[in-house]
1. Please give the helix 181-192 orientation as an angle from the longest Cα principal axis of the chain, in degrees from 0 to 90, rounded to the nearest 10.
2. What are the aspartates and glutamates whose alpha-carbon lies under 16 Å from the alpha-carbon of residue 98, with same-chain residues fewer than 8 places away excluded?
3. As I understand it, the value is the acute angle between the Cα axis of helix 120-135 and the longest principal axis of the Cα atoms of the chain; what does it come to in degrees, rounded to 10?
4. On each of the three principal axes of the Cα atoms of the range 19-106, give max minus min coordinate, whole Å, ordered largest first.
5. Show which aspartates and glutamates lie in cross-link reach of residue 172 when reach means a straight Cα distance below 16 angstrom and same-chain residues fewer than eight apart are skipped.
6. Are there trypsin sites (Lys or Arg not before Pro) in the range 18-93 that DSSP puts in a loop and that have at most 16 other Cβ atoms within 10 Å, and which ones?
7. Pairing the Cα long axis of helix 12-21 with the longest principal axis of the chain, what angle in degrees results, from 0 to 90 and rounded to the nearest 10?
8. Run the Debye formula on the Cα coordinates of the range 145-191, all scatterers equal and no solvent, and tell me log10 I(q)/I(0) at q = 0.21, 0.24, 0.33 1/Å.
Amino acid sequence: MYTPPAFRQNDPATLHREIHACRLATLISPGEHGLQASHLPLLLRAEEGPYGTLYGHLARANPHARLLAEGGEVLVVFGGADAYVSPSWYPAKAEHGKVVPTWNYIAVHAYGRAEVFDDAERLLNLLGELTDRHEQPRPQPWTIADAPQDYIAGMLRAIVGFALPIERLEGKWKLGQNRSEADQSGVRDGLAASLDSRDRALAQRMAD
């Protein structure tokens, strides 16, 4: 990922928070027929390894599972807040007009090699953690125990899990740090006034 120094984020705790906040990641692997990409909810165990370890699962029938088992390097992309930036928000537009549109965003890239597993108990524990994470805020959380045991056993046979120890972790916080304070403030105000909640979310991140 091209990351000029002004946009570089190297703090592991900050990067881990962004990974935790991302609900759906993109897993990318090279194969003999080109790149393979899968969109997955992932679990981060930050205490495992120097940069943490990612856990997830794929359908056994997914060709991506075979690529992971082959042990090549994979890339996982976590997308954060993002928004279009209008040149009209820059005070510099009124001064000299030398401004153009851009896009502000937050992204984290994690690299590593996966270990694939199909042990039923290990898969069940992983699915339980992932489910609990997303069900917890609900007033009546669903649990795996709510489904018939034989049904869950059949579902487990149809998937494979993977553990991906992170070997390299990169973050890019492109939030206008290369602009003047006045221009940054103009962008924050413009995004904060937007009717789009995604724009307002990025405005908040710029103010953090």
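1. 60 degrees
2. 183
3. 40 degrees
4. The principal-axis extents, from largest down, are 58, 35, 21 Å.
5. 11, 18, 82, 208
6. Sparse-neighbourhood loop trypsin sites (Lys or Arg not before Pro): 23, 60.
7. 70 degrees
8. Reported log10 I(q)/I(0), two decimals: -0.83, -0.91, -1.15.
The values are calculated or read from the model by the stated rules, or taken from the named source; none is laboratory data. All values derive from a computational prediction rather than experimental measurement. Using ideal geometry, Cβ is built from the backbone for each residue, glycine included, and neighbour counts are taken over all protein chains shown. For the accessible areas, the whole protein counts, side chains as well, though only heavy atoms, and no ligand, DNA or RNA atoms are used. Shrake-Rupley method; radii C 1.70, N 1.55, O 1.52, S 1.80 Å.
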